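This report concerns only the one structure given below.
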Amino acid sequence: MTLTLETTDLKVQLRLANDWFTVCDLSALLPGRGVAALLPDGRQVAVFADRTGRLYAIDNRDPFTGAAVLSRGLTGTDRGRPFVASPLLKQRFDLESGQCLDDEAVRVTAYEVKAA
């Protein structure tokens, strides 16, 4: 028996300035797992899909350590707010706004994201 990944023509796109930038195939995202993608300016973005299919994208760089690791963090919810916890120091970042849930003075960029 051979298993194959389900593929679609849908792409995950981020709004950068006034244009949409394709970062990966929608089929590359698994609920609760992040994917890192390189942006044209050299920054990295962490892209996530939740179990309902909603998409999120935030900077991949952890502002506490400087490491590009947020795409490898654990996802969850806190009072209905989806978040990713950094795999290094465990600070949680709201996937909708980029706000750090553990230090209100810190945030990462959150991107508008869609499947098209």
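The values are calculated or read from the model by the stated rules, or taken from the named source; none is laboratory data. None of these values were measured; they are calculated from a predicted model. Methodologically, a virtual Cβ is constructed for each residue, glycine included, from the backbone with ideal geometry; neighbour enumeration extends over all protein chains shown. SASA here: full protein model, heavy atoms, side chains in, ligands and nucleic acids out. Shrake-Rupley method; radii C 1.70, N 1.55, O 1.52, S 1.80 Å.
Of the accessible area of the chain, computed with a 1.4 Å probe over protein heavy atoms only, carbon and sulfur atoms account for 50 percent. Report note on the peptides 71-82, 24-35, 92-103: ranked by the mean count of other C-beta atoms within 10 Å, highest first, their order is 92-103, 24-35, 71-82. Subtracting the Cα-Cα distance of SER27 and LEU88 from 0.36 nm times their residue separation leaves 19.2 nm of extension gain.
For the chain, a simple Cβ point-charge model (Lys and Arg +1, Asp and Glu -1, everything else neutral) yields a dipole of about 180 debye relative to the Cα centre. For ASN18 and THR109, the difference between the fully extended length at 0.36 nm per residue and the C-alpha to C-alpha distance is 31.1 nm. With Kirkwood radius over Cα pairs in Å as the read-out, I listed (i) 17.8; (ii) 14.8; (iii) 14.4; which label goes with the value calculated from this structure? Read-out from the structure maps to (iii). Looking at the chain, the accessible area is 61 square angstrom per residue; that uses a 1.4 Å probe and ignores ligands, DNA and RNA. For a paramagnetic label modelled on LEU101 (point 7 Å from Cα along Cα→Cβ), amide N atoms under 19 Å away belong, within the stretch 67-83, to 69-83.
Electrostatic tally near ASP50: other residues with Cβ closer than 14 Å to its Cβ, Lys and Arg +1, Asp and Glu -1, net +1. Each of the peptides 58-67, 12-21 was scored by the mean count of other Cβ atoms within 10 Å over its residues; in descending order, highest first, they stand as 58-67, 12-21.
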